[in-house]
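Throughout, read-outs are computed from the coordinates displayed, never taken from laboratory work. What you see is a predicted model; the values in this text were computed from it and never measured. In this analysis, Cβ positions are derived from the backbone assuming ideal geometry, glycine residues included, and neighbour counts consider all displayed protein chains.
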Amino acid sequence: MSYLQVGHLVWMLCCWIVPVISMNWFINGGVMDTKTGLLGDGGKMWLKLWEKMISGNSCKIHQQCCQYIGSKRVRKTWWWRKLLATWIVFWTIVSLWVFWYMTSQAMEKRKETLASMCDERARMLQDQFNVSMNHVQAMSILISTFHHGKNPSAIDQRTFARYTERTAFERPLTSGVAYAVRVLHSEKEQFEKQQGWTIKRMDTLEQTPVHEDEYNPEALEPSPIQEEYAPVIFAQDTISHVVSLDMLSGKEDRENVLRARASGKGVLTAPFRLLKSNRLGVILTFAVYKTDLPSNATPNERIQATDGYLGGVFDIESLVEKLLQQLASKQTILVNVYDSTNFSDPISMYGSNVSDDGLQHVSTLNFGDPFRKHEMRCRFKQKPPWPWLAITTSIGILVIALLIGHIFHATVNRIAKVENEYHEMIKLKKRAEAADVAKSQFLATVSHEIRTPMNGVLGMLHMLMDTDLDVTQQDYVRTAQASGKALVSLINEVLDQAKIESGKLELEAVRFDLRAILDDVLSLFSGKSQEKGVELAVYISDKVPEMLIGDPGRFRQIITNLMGNSIKFTEKGHIFVTVHLAEEVTDSIEVETESSSKNTLSGLPVADRRQSWAKFRTFSQEGPNYPLSSSSSDLINLIVSVEDTGVGIPLEAQSRVFTPFMQVGPSMSRIHGGTGIGLSISKCLVGLMNGEIGFVSSPKIGSTFTFTAVFTNGYSNSNEQKNQPINNQSNSVSSEFRGMTALVVDPRPVRAKVSRYHIQRLGIQVEVVSDLNQGFSCISSGNTVIDMALIEQEVWDKDFSSSALFVNKLRNFDRGVPPKLFLLANSISSTRSTTSCFYTPTAIMKPLRASMLAASLQRAMGTGNKGKCRNGELPSPSLCNLLLGRRILVVDDNNVNLRVAAGALKKYGADVVCADSGKKAISLLKPPHQFDACFMDIQMPEMDGFEATRRIRDMEQNIRNRIQHGEVSVETYQNVSNWHVPILAMTADVIQATQEECTRCGMDGYVSKPFEAEQLYREVSSCFHTASIQNP
């Protein structure tokens, strides 16, 4: 019986229990007898009909149950009542909780709405007030300039009234503006004669306010004698009644005036009843100073420099009324504005205290006066509506809970048929999806996998053609052969499409050298790692057998995918590949702890590799399906880790790392390229090898991918296995190194361990020390004869004085021949920076491989094969004579093609400079320059070779014109008046690079890739001959 059928059965039983038990409880539990009056005859009829329906349907349910579970019948027991009660109580609680939750959410929403509306009104009121305040301040500057700054004054009462009336639209919140001049007591008599009226006092009006119709300015009392006065001389017509009133005689106005002139800012009064209108308002006061007042004046200086006071009258009630009319909304709110300077007793400026709702929100108002505080309090005018949504939802939940059994019963008879149809549909759907995925995955796999080995084959074969085939070139040959075999293996997969689609891909079982495989992969990525300055290293445990039986091509494919991703996403630090036996991980603490942040290859922190295999069955309690220990079986269970210090994988993208065609982000494909299928292919291959793959990644720290793979020991069986063809050439270990001893100077244990591993592969004994002092002590001790010393560049560059001292000690060494010094470097640029005046050791470039290490030691120590020419091919004497000493620029966006082209030209003695874009070529070929020719790739991103050539020719033509017109001297451009550098197009497709296209854009010819000596000589000689004629 399937799990789906069991689920259906349980669901049907539950839905049958609810209506049956509830009805039985309702009818037989005494409710029928006690509620007869409520139900009546009609209710009894409906109950009987319901009982019949339940009884009939219950028989069907019983039949269904009997079909599923045979002769077992479901018996009614006492716990059904408890189950029903629990069901009802549970959904009652749920409905109450839903009601409470939705009600609280509605209340919170109401609070947020009130806060939003209140804050909006407060903000608009504050903004409009600030606009009016700025205009009042601007008017104070106008008065200072045209009234006090001119003699006679350019402003009188009539002019002021007309100006303020016409500009009233700029101050929509002010009901009037008035200006009071500062008059000293000694100037009072002359001032009153000049104005024709006496200065009136204001405090009388404040104590006994009068109505607008009863106001008579002539009846006011004169201002009392005081040190100075502030009579109003100019006023807007709307408040012209304040002319001649002394602002310093009023309590509120006096405090306002004194604060304004001392602070230099606009100040507000407390709310008070305005004259005539008897409405609540405030006065904004600005002091008018002499024009020569400095900006950093002290309060005393401001008081002495005061000429008068400009006040703006704000009618708060009408101001807020206008604002509320502009913001009319469906939910009307009550707004109260308070002066909260005295927090314990705020002054109401607008609004009433009547409210029908307990909600209230307070928004702070800032009118520019730091002394006075204002706030707006808002409340809803109407009571909150009934929470009908919460009520209906909670009731609906109860109704659904009670009726769901009945609803399900109507469809239970269809379940069996639908279930069968559903299973058939799922099978057909999976088949269709599998066929589609198989086709898409096949095409993507071929597209992705052909590119990597093809680049390796073409690049290394061209490097082979450009070398003398010594030991170094033998390493290139092995790399090219490995890439070619990988390509052949991939072509076989394309031809075997049917097996891939059917999932019957079989792995080969051939003998191969694991260490040689990893050396070849290191060769593929060595150029990129040296370019980036990233340290690339491989370490294989001594317990791993030399020869294994398995599929080396697929293993190489997995390593290449993982290392390729690490190279792409790592800009600094290291990439470290380790290979151990699975039993070492469980038994050795060293393997588990060597990736700690304090002991890594480059010193940068890394992700904890133990987390990458935490979920492997190999290390779980369940255990793998094959023996873990190699001692009890011929099976070798390897665990391989690829550790990097790259950008890491974001947490949200880690779940789809192994999903085909999925990348970390949409920008990754544009920046780094790729199809996002490499890891998915690796996971499939690991599964075929009876292994598992996992990873751990920390953003901005790095990632570690770990996988296991099961192989067979290549030395464990009979001669039949030994007679199998070896898939990879073994690394040749020169016999002249055996018995030698090398000293490694490296402070990092992990890095020193890697160096020891590779040197020991050559049969050399290794001693490791952490600094140069310990190194010289080891050399001079005499216990062991040190033949060579390999010093890590970090140690050599750390202190040049110590390095020089170390070299001097070795030169004065009196115990035999001093050891040969070597420098272990990550990049060529770093070795150039190491060059010093005293001594530079021979550099050995990383990553370390047995073949390259042996070649470097042979060249430096004068032993081994010096290299012979192969296939009888010698550099053409004509080309050597033609290109020897020539400085040539090679432009190509592909690093492999760039390396091949540069190597081909260097073979004939040319001095080659490389550029990877057309823009760089333009900057390098800007006259004056030292280049004799340029090889330009045609198809490049951003700017192709044709466009770059056009711009170079335009630049050269511009310089020729400037020299001809005498704008610049010919000496500035190295006495060359006719600049024209020969430019040859490089292309692999002759059709795309026809002579017409090259001539049209200004190119002098083209050569096909790979270079052929005859064509290269013909084109280069033609260009150099033409250039010599143009530049005699």
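Averaged across orientations, what area in nm² does the convex hull of the alpha carbons in the range 83-172 project?
That works out to 8.0 nm².
Taking 0.36 nm per residue of separation and subtracting the Cα-Cα distance, full extension of the segment from Arg162 to Asp799 would add 220.8 nm. Per-peptide packing, taken as the mean over residues of other Cβ atoms within 10 Å, places 157-169, 889-901 in the sequence 889-901, 157-169 from highest down. The string of couplings for the range 894-907 from the Karplus curve (6.51, -1.76, 1.60, θ = phi - 60°) is 8, 5, 5, 4, 5, 5, 5, 5, 5, x, 5, 6, 5, 4 Hz, one whole number per residue in order, with x for Gly and Pro.
Given R₀ = 51 Å, FRET efficiency for Lys82-Ala434 by Cβ-Cβ distance, to 0.05? Don't jump to the answer; show the numbers that get you there.
Details: r = 49 Å, r/R0 = 0.96.
Once the sixth-power term is evaluated, E becomes 0.55.
Ranked by the mean number of other Cβ atoms within 10 Å per residue, highest first, peptides 679-692, 768-781 order as 679-692, 768-781. Taken over the range 510-582, the percentage of Cα pairs per 10 Å bin, counting from 0 up to the bin with the maximum distance, is 18, 52, 25, 5. Scanning residues 5 or more positions from Tyr289 or on other chains, those with amide H under 5 Å from its amide H are Asp307, with H placed 1.01 Å from N in the peptide plane.
Per-residue Karplus couplings for the range 740-748, computed as 6.51 cos²θ - 1.76 cosθ + 1.60 with θ equal to phi - 60°, are listed in order as 7, 10, 10, 10, 9, 10, 7, x, 9 Hz, Gly and Pro entered as x. Note on Ala509 and Glu108: their simple-model spin labels are 6.5 nm apart, each label 7 Å out from Cα toward Cβ. Considering all C-alpha pairs of the range 78-385, those separated by over 32 Å amount to 39%. Checking the cross-link pairs Lys528/Lys568; Lys265/Lys290; Lys429/Lys683 against a 21 Å limit on the alpha carbon distance flags Lys429/Lys683 as lying beyond it.
With the contact rule set at Cα under 8 Å and sequence spacing of 6 or more, what percent relative contact order holds for the range 78-385? Working shown, then result.
Details: 519 pairs, mean separation 60.3, N = 308.
About 20 percent, as a whole number.
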